[in-house]
Each structure stands twice: as structure tokens, then as C-alpha cells.
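Below is one structure, written out as C-alpha cells; the observations come after it.
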Amino acid sequence: MEMLSLLLWFLFTSVLAIALMKSFSRGNKAEGSDLPPGPSPFPVIGNLLELGDKPHNSLAKLSQIYGPIMSLKFGQVTTIVISSATMAKEILQNHDTSFCNRFIPDALHAHQHNDFGMGCLPVSTRWRNLRKICNSHIFSTQKLDANQDLRRKKIQQLLAYVKESSRAGKAIDVAQQAFNASLNFLSNAMFSVDLADPSSDIGREFKEIVWGVMAEAGKVNLGDYFPVLKKLDLQGRRRRMTTHFGKMFEIVDCLIDQRLKLRQEHGRFTDAVSNDILDTLLNISQDSSNQLIDKNIIKHLFVDLFLAGTETTSSTLEWVMTELLHKPEALLKARLEIEDTIGKGKPVEESDINRLPYLQAVVKETLRLHPAAPLLIPRKASEDVKISSFTVPEGAQILVNAWAIGRDASTWDNPYSFMPERFLGSDIDVKGRHFELIPFGGGRRICPGLPLAIRMLYPILGSLINSFDWKLEDGVTPENMDMEEKFGMTLQKAKPLRIVPTVVF
């Protein structure tokens, strides 16, 4: 083992020495430009040691020293970090065309996801086509309205499971059960099947796969910042991502193949074929003369939908419940509002949301403090751009620190306190129009699933609040709750929230 470590270290230092000599020999265009301020980089590795295990937090602290737009050097990659609403607007709106493409982590090259995943693709004909399909056939108001009964059914199943746990006096894992509900809704909307059963481990296993993807894509990878190391995959990120993606593609491939066989046997429009998203996409694929979408693109799109539509909803719901239990007076206010508006113990419907301003404020406040993607998805500068007298160089990685923006003391009073009341009477929303609150991003690359996330999150949360009282497990009190975060592309609680429900009616 020691010999292997020595060999790896020798290889690593040799490659770095070569990279350093190349850097000196050709010079660095960015060094000669007017970069934003930032900490002095170490030779070769740059500022990589500054990141730590919670980069969103580390970068937020650095921004308090160097300002809302700062530059760092991660290996051979210049990185620009944005930490204020004003600078975020420059990147996501004013110069969106220059920053609309992605900086793709090497881990996402597994199974060629970088070439087919909608979240990875550059703004191009293929990307526009996929975006149009999502907006017209998956997340349109008409489509979401048509799926409302399905969402209601999945929420009722979640409430039934919680009620059963209440009778048994058992604690529930909030994130896991929210994940199961989201997974079952998506799998039914896409394939007309449930992929998670509360009595089985399938949902838990799928959640572990999804978190594995998020963790590998979000962690620092030397191959991303030293191109000569990319093929070596020294940290094994691409190898593990290949395994995670492989398990997801195995499930999706099986469901698609079953449907293709069914369509071949019964025809496209018979009762034996479901009118779900898979059928819609297969129809588009077969009707398209220019082959803009095929089976390979469809399966990568489904993987993207699973990744974005399950983990973000479940982690956000867990953080909402955590903050409400940490501040019981806010939980009481939310419950009283729901009781006064729709009645005690009743499930919350999507049509009720506009009449529940405090519940909306609770969700906004949670997304301010705990955005699902704390650094959003990294972008890449396609050209030199002048911003606030500084130059953002072509090829630079752009990180928009939504976590830091949500805690910016120049924007928010008592920024670290959970205060839903700050949003009452405010027109600030999460739809990318107000850059002080951008948990779903902004500009043309804003998360296309935002409308679905909102429709899922509020009814689940409201129904859990209105149907049950909640007690922390194992004698934990609001004062000593664990509020630590676990960083990946999404932001989870380090210790899952487990709480005991009691039926209120």
C-alpha cells in the first residue's frame, strides 16, 4: 500500500511539474488581464486548498475579503466566483449569452452524459430541441394540470405511510419518504410504474445512487483542473460515476425496451400503450425526420429528470422541516394559517397555495438559507467579458454562490436567522427574476423543472404540517438539533432528519 502511494505521488508530482513548465513556457493570458481580486495562488495547485469540504461556505468567507466578484486559480483553471445579487444579474442576465454554456466535470463524461445530458449540453440545436420538448410536453402548464391527480395520489400514499408510522410510534426519515413520493410521481409520469415501495429498499437504494451522482459531480476532482491528469482518474470519480450511471441506465433501458416491445406488438395508439412521457418522446422520435431525438437522448433525458426531480425536492423538504422544528413558533404559525384557510387535518391541494402566504414564505426562507444547488451548476465563459471594470477571461469557470447570495448581509437583515416573515408582503420569488434569491438559477439555463418542483413541494409540506404533530427522535430538542450540511451538487443534511408523527385528528 505504501509503495502504491509513493508511486502515485511520484506520478502526480511529475505530471504537475510538466504542467508547471508548460504554464511558464506559454504564459497565462488571464494573468495579464485585469482579473477580479482574489487570494494569491500557490504554485501549481493554485487555490485548491482554499475549498475545504464545504466549498460554498469557504468561498462565501473569501468573498467577504475580496468582494462579490473574485478570481481564484484551481490548478490550471481560472475560476470566477460570484457572491452578490448584482453580480449574479450580470452573469445570468446581462451577459447570459457569454456565460450560458457549462463547465463540465470530468465525472459527467461517464457514459458520454456530457454529450447527451440536457444539463451538460452547450446552447445548440440539440439543447434547444430538448428544452422545447421539456417546456411543451413535460413541464407545460397543460401537462402539469393533467398530472395533478397523479401527484395528489402520490401525496396521499405518503400521508398513509406516515399515518401508519404514527400508529406504530415509529420515526420517519423525512428526506427518504419525500424522495420516494417524488420518485414514484416521476416514474409514473414517465413510465406509468412505481419505482419505490415504502416497504422495500428500492427507494433507499435509488436515493443512494442519486446522491452518489450528486456527490461525485460536486466534489473537487484534480482531473478537472489538470487536463493531463484527466485520463488517469486518480481519485476514481469517473469510475464511480460510471457505476452510478450504469445502474440508472439499466433501469431506464429496461423500461424503454419493454415499451418498444409493447408498441411493436399492439401499435402506437392502442389501449395497451400508456399515454405517458415515454410514449410522447417515442412518438416525437418516430415522427422526426431530422432525428433530433432518439432512444439514447431519451434515456439520458430521463436520467436528468430523475436526478433533478427527486434529490432537490427531498433535500429541500428535509431542510424546511428541520428549520420549522428548530423554530417551533414558525411551525405553529404555518399550521394555524393552514387550519384557518382549509380546515384542520385536511391535505393541502395545489389550488390552496395562493391562499397560504406564510407557507410560501417558509419555503422561500428555506431556499434562501439552503438552496438545493449551493453553487448552481458551473458555467464557462465563451469569450472575454468586462464586468464591473474587471475582465472575466474566455474559458474561465464561473461559480455563482447562491448560498452566499442568500446570506448576504447587504441584502438581508439578520441573514443567518430563519425568519419567514421577511417575505410577507414581498414580491420576491424563486423564478429567476430576483437575483437575491436564485435557488433554481436564472437566464436561459434556469432549471426547466421549477414549475413541477413548486407543485410538489408546497402540497407535501402543507399536508405534513396540517395532518400531523411532530416530535424529534431520541430526546433531541430544538436547541440541540444537528444543522450541519453535507456538500455535493445538492446540499443535504449531514445527519438525516428523523421525526415521530402524531395524527392531529
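The values are calculated or read from the model by the stated rules, or taken from the named source; none is laboratory data. Keep in mind that what you see is a predicted model, and the values were worked out from it rather than measured. Please note: Cβ atoms are built from the backbone with ideal geometry, for glycine as well, and neighbour counts cover all protein chains shown. With ligands, DNA and RNA removed, areas are computed over all heavy atoms of the protein, side chains included. Shrake-Rupley method; radii C 1.70, N 1.55, O 1.52, S 1.80 Å.
Using amide H atoms built in the peptide plane, which far-off residues or other-chain residues are under 5 Å from residue 380 H to H?
When sequence neighbours closer than 5 places are left aside, the close amide H contacts are 101, 102, 103, 398.
Would you mind checking the tilt of helix 237-266 against the longest principal axis of the Cα atoms of the chain, expressed as 0 to 90 degrees and rounded to 10?
It is inclined by approximately 50 degrees.
How large is the helix-only mean residue ellipticity at 222 nm for the chain, computed as the sum of -39500 (n - 2.57) over DSSP H runs with n ≥ 4, divided by its residue count, in deg cm²/dmol to the nearest 500?
Calculated mean residue ellipticity at 222 nm is -15500 deg cm²/dmol.
How much FRET efficiency would the formula 1/(1 + (r/R0)^6) give for residue 498 and residue 383, where r is the Cβ-Cβ distance and R0 is 60 Å, rounded to 0.05?
Efficiency at R0 = 60 Å is approximately 0.75.
Quick one: ranking 44, 430 by accessible area, 1.4 Å probe, largest first, what do you get?
Of 44, 430, the descending order of accessible area is 44, 430.
Under a 1.4 angstrom probe, counting protein chains only, how are 66, 358 ranked by accessible area, largest first?
Descending accessible area places them as 66, 358.
For the chain, calculate the relative contact order in percent as a whole number, restricting contacts to Cα pairs under 8 Å that are 6 or more residues apart.
23 percent
Could you derive backbone 3J(HN,Hα) for the range 328-340 from the dihedral phi with the Karplus parameters 6.51, -1.76 and 1.60 (θ = phi - 60°), listing whole Hz in sequence and x where the residue is Gly or Pro?
Values per residue, Gly and Pro as x: x, 5, 6, 4, 5, 4, 5, 5, 5, 4, 5, 4, 5 Hz.
So which trypsin sites (Lys or Arg not before Pro) in the range 149-187 pass both tests, a DSSP loop state and at most 15 other Cβ atoms within 10 Å of the Cβ?
170
Once the Cα gyration tensor of the chain is diagonalised, what are the square roots of 5 times its eigenvalues, in whole Å and ordered largest first, as equivalent ellipsoid semi-axes?
37, 29, 22
Once both labels are modelled 7 Å past Cα along the beta-carbon direction, what's the residue 469-residue 254 spacing in nm?
Calculated label separation equals 4.4 nm.
So how far apart, in nm, are the two label points at residue 34 and residue 285 if each is 7 Å from Cα heading toward Cβ?
5.2 nm
With θ taken as phi - 60° and the coefficients 6.51, -1.76 and 1.60, list the Karplus ³J(HN,Hα) couplings across the range 479-495 in order, rounded to whole Hz; mark glycine and proline as x.
Listing the rounded values in order: 6, 10, 5, 7, 10, 6, 9, 10, 8, x, 4, 10, 10, 9, 6, 5, 10 Hz.
Can you run phi through the Karplus equation (6.51, -1.76, 1.60; θ = phi - 60°) for the range 190-197 and list ³J(HN,Hα) in whole Hz, with x for Gly and Pro?
8, 10, 6, 9, 8, 9, 10, 10
How big is the dipole moment of the chain about its Cα centre under a simple scheme where the beta carbon of each Lys and Arg is +1, that of each Asp and Glu is -1, and everything else is neutral? Debye, nearest 20, please.
Here the chain has a charge dipole of around 800 debye.
So what's the projected area for the range 114-195, the Cα convex hull averaged over all directions, in nm²?
6.9 nm²
In nm, what is the difference between 0.36 nm times the number of residues separating residue 125 and residue 484 and their Cα-Cα distance?
Going from the current span to full extension adds 125.1 nm.
Could you compute the FRET efficiency for residue 421 and residue 261, with r as their C-beta to C-beta distance and R0 at 45 Å, rounded to 0.05?
After rounding to 0.05, the efficiency reads 0.20.
Shape of the range 400-461 from its Cα gyration tensor (a ≥ b ≥ c, root eigenvalues): rounded if a/c is under 1.5, otherwise prolate when a/b > b/c, or oblate?
oblate
Per residue, what accessible area does the chain have, given a 1.4 Å probe and all protein chains present, in Å²?
44 Å²
Based on the alpha-carbon gyration tensor of the range 449-505 and its eigenvalue square roots a ≥ b ≥ c, which shape applies: rounded if a/c is under 1.5, prolate if not and a/b is larger than b/c, or oblate?
oblate
What number does the range 388-505 give for Rg over Rh if you use C-alpha atoms and the Kirkwood radius?
Rg divided by Rh gives 1.02.
From the Cα gyration tensor of the range 149-269, with a ≥ b ≥ c the square roots of its eigenvalues, which class applies: rounded if a/c is under 1.5, or else prolate if a/b is larger than b/c, or else oblate?
It is oblate, given that a/c is not under 1.5 and a/b is not larger than b/c.
Counting only the heavy atoms of the protein chains, how much of residue 71 is accessible to a 1.4 Å probe, in Å² to the nearest 10?
Solvent-accessible area, nearest 10 Å²: 10 Å².
Against the longest alpha carbon principal axis of the chain, how many degrees, from 0 to 90 and to the nearest 10, is the axis of helix 277-287 turned?
The two axes meet at around 60 degrees.
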